[in-house]
Amino acid sequence: MVGSPLALPSGSPGLSRQQLAITAWNVAFALVLIVWAFGWSGGKLLVGQSYTGAKVKVEEQKTRRAAAQATKRAARRSRTP
């Protein structure tokens, strides 16, 4: 049976309470460090800029992929009589 890539392997015990606690601690610690380093509004600005930058990058990738697909289609059409 093919599962999702995020699914745990069969027979895996899952996440323990200790793993969840450590993960929660790491997230909280990272948030505190960001607020301390950049301030609340600075951290908010940093996250917003990263999100905006990611959106721009996705659009650029879509444009490049569309251009590459158009080039492939044109090449295939030119080969076919």
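FYI, it's all coordinate maths here, none of it is from the lab. All values derive from a computational prediction rather than experimental measurement. Cβ placement follows ideal geometry from the backbone for every residue including glycine, while neighbour counts extend to all protein chains displayed.
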- Message: I need the phi-derived Karplus couplings for the range 27-37: 6.51 cos²θ - 1.76 cosθ + 1.60, θ = phi - 60°, integer Hz, Gly and Pro marked x.
- Response: 5, 5, 5, 4, 4, 4, 5, 5, 5, 5, 6
- 21 Å Cα-Cα reach of K44 towards lysines, excluding residues that sit fewer than 8 places from it in its own chain: K55, K57
- Task: Taking a cut-off of 20 Å between Cα atoms, list the lysines near K72, but don't count ones fewer than 8 places away on the same chain.
- Result: K62
- Query: If each of A37 and A70 carries a label point 7 Å out from its Cα toward its Cβ, how far apart are those two points in nm?
  - Reply: 4.1
